[in-house]
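K.L.:
Attaching a single structure in structure tokens format; questions to follow.
The values are calculated or read from the model by the stated rules, or taken from the named source; none is laboratory data. The structure presented is a predicted model; accordingly, all values stated were derived computationally and were not measured. The protein model used for the area step is the full one, side chains on, heavy atoms only, and it has no ligands, DNA or RNA in it. Shrake-Rupley method; radii C 1.70, N 1.55, O 1.52, S 1.80 Å.
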Amino acid sequence: MTDFDYAAIDEILHSRVRLSIIAKTADFATVRDATKTTDGNASIHLRKLEDAGYVAMQKRFVARKPQTLYSLTELGRRALLAYVAHLEALLPPSRGETPPKDATR
């Protein structure tokens, strides 16, 4: 076992629903449908990501109907890269590879 710091896992991103939300820029209905959640559940996950600064919300009108778009911020991108690097630190090195020195990049 490595000296993996499980406490350093980003709790905001460590959710199946929130990870799928940040995958691409999308409107609320698309996010809700893609994650197969209710309006309330999707809204709560989006709010957590927004409060952390990981996604940005933009409201606009399309054909006179309100539409809310969500997109990954630069802070969210950096957090996601650090999250992935942290998880990669769990894997044993492949043959011929050396283990990463720092999982937080």
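K.L.:
Which of rounded, prolate, oblate describes the range 1-41, given a ≥ b ≥ c as roots of the alpha-carbon gyration tensor eigenvalues and a/c under 1.5 marking rounded, otherwise prolate only if a/b is larger than b/c?
P.N.:
Details: a/c = 3.73, a/b = 2.81, b/c = 1.33.
It is prolate, given that a/c is not under 1.5 and a/b is the larger ratio.
K.L.:
How big is the accessible area of ARG78 in square angstrom, nearest 10, if you roll a 1.4 angstrom probe over the protein chains?
P.N.:
Number for this one is 130 Å².
K.L.:
Follow-up question, since we're still on this one. With springs only between Cα atoms under 10 Å apart, run a GNM on the chain and tell me which of SER43, SER20, SER94 wobbles the most.
P.N.:
Greatest mean-square fluctuation among the candidates belongs to SER94.
K.L.:
Test of understanding: in a Gaussian network model of the chain with alpha carbons linked when under 10 Å, which of GLY40, GLY53, GLY76 would top the mean-square fluctuation ranking?
P.N.:
Maximum fluctuation in the GNM of the chain, among the listed residues, is at GLY40.
K.L.:
Next question. Lys pairs in the chain, Cα-Cα under 26 Å, at least 8 apart or on separate chains: how many?
P.N.:
9
K.L.:
Can I ask one more? Which sequence of PHE28, PHE61 reflects their accessible areas, 1.4 Å probe, from the largest down?
P.N.:
Sorted descending by solvent-accessible area, the residues read PHE61, PHE28.
K.L.:
In addition: How far is helix 74-88 tilted off the main Cα axis of the chain, in degrees rounded to 10, range 0 to 90?
P.N.:
40
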